[in-house]
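K.L.:
Structure in structure tokens, see below.
The numbers here are math on the coordinates, done by the rules we state, and not lab data. Bear in mind that the values here come from a model prediction, so they are computed numbers and not experimental data. Methodologically, a virtual Cβ is constructed for each residue, glycine included, from the backbone with ideal geometry; neighbour enumeration extends over all protein chains shown.
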Amino acid sequence: MSDRESMDQEEIHSKVLRAGRRTYFFDVRSTKAGDYYLTITESKKFTHDDGSFHYKKHKIYLYKEDFEGFKENVAEMMDFIINEKGTEVISERHQKDFKKEEEDAPVENGEVKSTESFTDVDFDDI
């Protein structure tokens, strides 16, 4: 059997979750004995000053005998976070009223212009 055929046989089912700079891969794979296990891979993109980039990957191998405990612990931790902090993301960048720093404001003749006078436009009215 070629390496390619072996790889095809090993990958059974996959899903991808894109989350900003992170991407999560959920892959069902097959052991040599024909049983299944799950790999969860986090891939995070890092961009260098010169525009080039690289990815850092972290992988978890999860076997069937650990599924129940893993699922219970993840559910417990998620419930704890939601009960303690709610579902709203607490991060400056994710706040609904987040304003970019002055350096991102429009500049005219070397002066930073305020954006407070701008009017919201509803394109349905046009």
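K.L.:
Within the set Lys59/Lys85; Lys15/Lys71; Lys44/Lys64, which residue pairs have Cα atoms separated by over 24 Å?
P.N.:
Lys59/Lys85; Lys44/Lys64
K.L.:
Residues of segment 58-79 with amide nitrogen under 19 Å from the 7 Å Cα-to-Cβ point of Leu17?
P.N.:
58-64, 66-79, by backbone N distance to the label point.
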